[in-house]
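Worksheet for the structure shown next.
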Amino acid sequence: MSDIVPKPRWSRVWPEKAVPVKGLRARTGKTLAGERKIVAGALAKLGIRTGGNARLLIGSRKDAPELAHAWRKGKTRLPGGKLGEEGYVLVSDSDGIRIVVDGVRGAFYGIQTLVQLVTGGAVPKALVADVPVNEFRGMHISTGGAKSYAKITRLIEEVLPVYKVNTLVLGIGYLYRFKSHPELKSAQPFTSSQVKRIVKLCRERCIRVIPELNCLGHQSWRTERIGALLRAYPEFNETPGKQNITYCYSWCPSDPRVYRVVFDLIDELIDVFKTDAFHVGMDEVFELGECPRCRGKGAAELFAKAVNDMYRHVVGRRRKQMLMWGDRLIDGSRTPYNRMNGARNGTHPALRMIPRDILICDWHYHTHRSYPSVQRFRKAGFDFVTCSYQKPRAVGTFMRYAAEHGGRRWIGHLDTNWGEGKRGLECLLDGKVGVSGPADAFRRGLDLAWRGAI
Ligand SMILES: [Zn+2]
């Protein structure tokens, strides 16, 4: 059983072969009528076609007596006897293979498990009853623009389906060829046709894709690499010309001209990604309250204003879910976190000044005995996801803590990835499973997101 990753909720696999894959034909039930392309695409991995004398049936328990029979075998193994949108029951024996689902996502995940079950050209006798523990199972990629395109498409095609990932957050920033603001120039921006292809690949794999633009902070890398917004509009800089900045330049949250540009960019990204959510970043903001417009205002008030301004546009006008990083909303001095992932610059009271339907991405990359942000977000009534990076032990420790202390506010996990090379995106594409280091951490996060951390 160790071969199926993520580990299913309940499974038993017998040594005997049940159904040879060669010549295997599939039939889908009425439930999947509108989604046959997605199912056919997933089956193509095994060279299985639909139609003809089908020994593989996929559909709901109401679609065929064989499926109803298979459902009765698996039902009691599922918590509450419920499949939900993403669960499936897979039965394989000498009568054939049946995958019982309530919708296309369950069908897609059942087929991923089927792919992993195949050994020696056949599907063994098996009973798998599986539903995910978490509704949010994501991978975050900080992209390098068009130069990341080939790696991202490979990741979507080869890695994310295996782990039953349902969300991909793409850090785009200014690395898109914006039609509304061609004055914002970046090296190798994504084109709209590249984005459309990414969106199509994700849709075919039941993956929700969410673009991200770093708002407020991270408008440069230290003082040297200035981002496209402040290059085109240096007057938007909160601390223009200041050399001894703490980390990165910020834009001024009190300057209405900033929003006239940034909202256009967000609109373009929302439209080209056809998304139902947007990630506004807002992590690691240090340069705050220094310009003549902002001076004299408190850090929390300024930060909350920036969040609320983004919210009014993303949620109010565009009706999309808003995601943001959580570090500025945490009182770092009362936590084991450092000043990057736990604010010590007075922004944290902003948590009480912003809408509670923002999804918080609570990122902590090191192993700690406790993660007090978990209780903080839960008590304040915010849904949140845990976010991890390269340390395998830290991933499990943080997720277990969230599972124990986050209650129903902990809705899942987001693996984050901050580089392209062998310790970043590339290590996920090398095909090795169980290698130590970053790849192990990424795979562990995705695995636990499905099967739960306890
Ligand atoms: Zn300002």
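Numbers below:
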{"item": "Filtered residues of segment 223-258 (kept if within 12 Å of the ligand (Cβ to nearest atom), assigned to a loop (DSSP other than H, G, I, E, B), in contact with a Ser or Thr (Cβ under 9 Å, 6 or more places away or on another chain) and more than 19 Å from Glu301 (Cβ to Cβ))", "result": "Tyr249"}
{"item": "Residue within segment 1-24 that is assigned to a strand (DSSP E or B), over 23 Å from Gly81 (Cα atoms) and without any contact (Cβ under 8 Å) to a residue 40 or more places away in the chain present", "result": "no"}
{"item": "Qualifying positions in segment 48-70 - of a type in the set (D, E, K, R) and over 18 Å from Gly106 (Cα atoms)", "result": "Arg49, Arg55"}
{"item": "Residue match in segment 237-248 (condition: surrounded by fewer than 24 Cβ atoms within 10 Å (Cβ to Cβ), over 26 Å from the mean Cα position of the chain (by Cα) and of a type in the set (A, V, I, L, M))", "result": "yes"}
{"item": "Residues of segment 144-203 that turn out to be part of a helix (DSSP H, G or I) and more than 20 Å from Gly421 (Cβ to Cβ), as a count", "result": "13"}
{"item": "Qualifying residue in segment 438-453 (condition: under 27 Å from Glu85 (Cβ atoms), modelled with pLDDT under 95 and of a type in the set (Asp, Glu))", "result": "yes"}
{"item": "Any pair with Cβ under 7 angstrom, 6 or more apart, that starts in segment 263-288 at a residue that is within 30 Å of Asp331 (Cα to Cα) and ends at one that is surrounded by fewer than 23 Cβ atoms within 10 Å (Cβ to Cβ) and basic (Lys, Arg)", "result": "Ala277/Lys320; Phe278/Lys320"}
{"item": "Val123 touching a Lys or Arg at 6+ places or on another chain (Cβ under 7 Å) and surrounded by 18 or more Cβ atoms within 10 Å (Cβ to Cβ)", "result": "no"}
{"item": "Unique match (being crowded, with 18+ Cβ neighbours inside 10 Å, in contact with a Ser or Thr (Cβ under 6 Å, 6 or more places away or on another chain) and not assigned by TED's automatic domain parsing to the domain that holds Gly103) among Ile156, Ile152, Ile210, Ile172", "result": "Ile210"}
{"item": "Failed item, numbered, when Ser333 is tested on (1) at pLDDT 95 or above; (2) within 16 Å of the ligand (Cβ to nearest atom)", "result": "(2)"}
{"item": "Qualifying residues in segment 272-301 (those that are assigned to a loop (DSSP other than H, G, I, E, B) and farther than 24 Å from Lys242 by Cβ) - the one farthest from the ligand (Cβ to nearest atom)", "result": "Lys274"}
{"item": "Residue under evaluation Pro253, criteria (1) closer than 23 Å to Trp325 by Cα; (2) out of contact with any helix residue (DSSP H, G or I) (no Cβ under 6 Å at 6 or more places or on another chain), criterion not met", "result": "(2)"}
{"item": "Hits in segment 204-222 - residues which are in a loop (DSSP other than H, G, I, E, B) and farther than 18 Å from His140 by Cα", "result": "Glu204, Leu216, Gly217, Gln219, Arg222"}
{"item": "Qualifying residue in segment 318-331 (condition: in the same structural domain as Phe190 (by TED's automatic domain parsing), assigned to a helix (DSSP H, G or I) and out of contact with any helix residue (DSSP H, G or I) (no Cβ under 8 Å at 6 or more places or on another chain))", "result": "yes"}
{"item": "Selection count, segment 259-269, where residues are away from the ligand (no atom under 16 Å from the Cβ), over 24 Å from Asp362 (Cβ atoms) and aliphatic (A, V, I, L, M)", "result": "1"}
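The values are calculated or read from the model by the stated rules, or taken from the named source; none is laboratory data. All of these numbers come straight from a predicted model, not from anything done at the bench. Don't worry about glycine lacking a Cβ; one is built from the backbone with ideal geometry, like all the others, and counts go over all protein chains shown.
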